[in-house]
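We did not get these values from a lab; they are worked out from the coordinates using the rules stated. Predicted model only: the values in this text are computed from it and were never measured. All Cβ positions, even for glycine, are placed from backbone atoms using ideal geometry, and neighbour counts span all protein chains on display.
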Amino acid sequence: MKMRRIMAFLLAGILMACCAGCSAPSKKEETPTTITVWHVYGGQTDSPLNDLIDQFNQTVGKEQGINVQVTSVSNTNTIHELVLAAANAEPGASELPDLFISYPKTVMALPDNSILVDYKDYFSEEELSAFLPAFVEEGTVDDRLVMLPVAKSTEIMFINQTIFDRFSQATGVTIEDLDTWEGLFKAAEIYAKWTDAQTPDIPGDAKSMFVHDYYFNYFQVGAQSLGENFFHGDDLAFGPAFRTAWEPLARAALQGGVWLKGGYATESIRTGDSIVSVASSASILYYSDVVTYPDNTSEDITIISRPCPVFENGEKLVMQRGAGFCTVRSTPEREQAAVTFLKWLTEPEHNVEFVTRTGYMPVTRAAFENELPKAIEGLESAKYASLYQAYLDTQANYEFYVPPQLETYLGLETMLEDHVRAQLALGRRAYLEAGETGLEQIGAERFDAFREIMER
């Protein structure tokens with residue numbers, strides 16, 4: 001009897017164990033690998049990237065037990081500060097996420113970039129060869145690929161075609177004249193004289209045709225395209241190529257054809273104070289289809305995009321902009337989950353879906369060549385269709401410039417921007433007093449003054 005009781009007890013235990021095993025969820029269903037993300041692409045409730053993340057979570061993520069959770073959507077400066085605070089273990093700092101958007105300046109400022117995953121450990125050479133090489137190069141620090149490109153921008157020329165067409169009809173200047181820097185600045189000189197002549201009773205009220213978001217980019221890419229390195233160690237070099245870039249810009253600026261005040265290029269375009277800009281392609285979001293003039297009158301306009309101008313004797317070189325994703329070292333499971341998501345996001349179809357909703361460029365050759373042309377055909381906005389056609393032309397005909405990774409880079413940028421604008425503004429005032437005969441002398445004086453300040 002005792003033996004029977006023991007056997008019955010054992011049998012019941014076995015049956016209970018079996019039943020428990022049958023009803024238990026799989027490991028992936030029970031404990032999905034959750035990874036956190038900080039990014040900059042829109043608000044929490046209206047973000048193209050968040051939409052793509054939801055799509056991933058419901059498909060590949062569900063199949064592989066991965067859940068991508070957005071914990072912060074902010075701007076790049078805020079994320080820069082949060083990342084550095086966390087990396088330096090500052091009191092009250094947030095814990096680093098698994099993934100965050102970063103520019104090289106953030107990685108360069110980290111106390112130790114070994115806290116980041118080297119994507120070469122997770123991507124094969126064949127997989128990496130699918131990306132545009134310059135995009136991968138910019139994401140490489142100390143021979144480690146720590147910023148994976150997922151959406152890039154470049155510099156694009158934006159044109160208020162409505163007003164430009166009036167100018168063209170009156171003067172014979174064509175949009176094709178703007179394809180070179182020399183032609184663009186000559187057109188800016190003509191535009192200044194054309195607008196000034198419209199109010200003969202008010203001398204010196206010429207309007208600017210052109211505004212550049214970053215003259216620092218104009219000079220460094222321009223010098224490189226002309227065969228000269230703009231950087232000498234941690235400082236800048238002002239050789240013959242720099243002078244070649246300076247002179248047409250200065251001539252146009254002194255005559256009033258170049259907008260020299262601070263702020264973003266979109267601001268002077270919105271008010272009609274300029275009609276052509278070179279700026280980050282991602283700024284398309286802020287180019288309005290309406291111009292509101294200082295007298296509060298307004299008119300509808302058409303904005304078109306073209307590739308960035310080049311120097312007549314220079315290579316077709318253009319700035320690359322846009323951040324990449326960093327993955328923080330953690331556990332093999334979380335690192336792999338992050339990489340799985342990034343590989344999915346950079347697949348041509350998903351990548352083009354993402355970038356065409358944000359104003360950015362895709363990052364792989366296949367996305368450019370196969371998916372982007374199809375996407376352009378489906379765009380309802382002529383403004384965006386023009387932008388993405390300019391992207392295709394840029395990718396097909398230009399090389400993307402890779403800025404140097406210098407700790408002094410941002411300081412040099414700020415200093416040059418300030419002094420270029422200041423010296424050319426001084427030159428503009430001197431020109432208004434001296435007239436056309438003083439143009440060359442004033443331009444040379446401002447150049448010498450600028451170089452002296454920068455070389456101190």
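Structure summary
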| item | result |
| --- | --- |
| Taking the C-alpha atoms of region 113-228, convex hull volume expressed per residue in Å³ | 170 Å³ |
| Of all DSSP beta bridges in the chain, antiparallel share, percent nearest 5 | 65 percent |
| Computed P(r) (all Cα pairs; region 303-421; 5 Å bins; percent) | 2, 9, 15, 16, 16, 15, 13, 9, 4, 1, 0 |
| P(r), alpha carbons of region 211-295 - 10 Å bins starting at zero, rounded % | 16, 40, 30, 12, 2 |
| Average silhouette area of region 176-254, convex hull of alpha-carbon atoms, in square nanometres | 6.0 nm² |
| Spread of Cα-to-Cα distances over 5 Å intervals beginning at zero, given as percent, for region 303-348 | 5, 14, 15, 12, 11, 10, 10, 10, 8, 4, 1 |
| Under-5 Å amide H pairs with Ala130, H placed in peptide plane, nonlocal only | none |
| Normalised per residue, the volume of the convex hull around the Cα set of region 336-382 (Å³) | 69 Å³ |
| Exposure proxy ranking, count of Cβ atoms within 10 Å, fewest first, for Thr331, Thr36 | Thr331, Thr36 |
| Order of His419, His80, His39 - criterion: other Cβ atoms within 10 Å of each residue's Cβ, fewest first | His419, His80, His39 |
| Whole-angstrom gap from region 295-334 to region 367-419, using each part's C-alpha centre | 4 Å |
| Region 355-456: radius of gyration and largest Cα-Cα distance (Dmax), Å | 21.4, 56 |
| Neighbour-count ranking [beta-carbon atoms within 10 angstrom, fewest first] of His232, His350 | His232, His350 |
| Cβ charges +1 (Lys, Arg) and -1 (Asp, Glu), total dipole of the chain, debye | 1660 debye |
| Computed over region 43-152, Kirkwood Rh from alpha-carbon pairs, angstrom | 15.7 Å |
| Pairwise FRET efficiency - Gln69 versus Arg365, Cβ, R0 = 45 Å, nearest 0.05 | 0.90 |
| Principal-axis tilt of helix 2-23 within the chain, Cα atoms, nearest 10 degrees | 20 degrees |
| Length-normalised contact order for the chain - Cα pairs under 8 Å, 6+ apart - percent | 20 percent |
| 28 Å Cα-Cα threshold exceeded, pairs from Lys105/Lys186; Lys62/Lys105; Lys105/Lys261; Lys105/Lys343; Lys343/Lys383; Lys120/Lys374 | Lys105/Lys186; Lys62/Lys105; Lys343/Lys383; Lys120/Lys374 |
| Whole-Å semi-axes of the ellipsoid equivalent to the chain (Cα gyration tensor, √5λ, descending) | 54, 24, 19 |
| Met157 long-range amide H proximity, modeled H, under 5 Å | Arg306, Cys308 |
| Cubic angstrom per residue, convex hull over Cα atoms of region 144-291 | 141 Å³ |
| P(r) tail fraction, region 250-346 - alpha-carbon pairs more than 18 Å apart, % | 66 percent |
| Euclidean distance of C-alpha centroids, region 83-153 and region 57-76, integer Å | 18 Å |
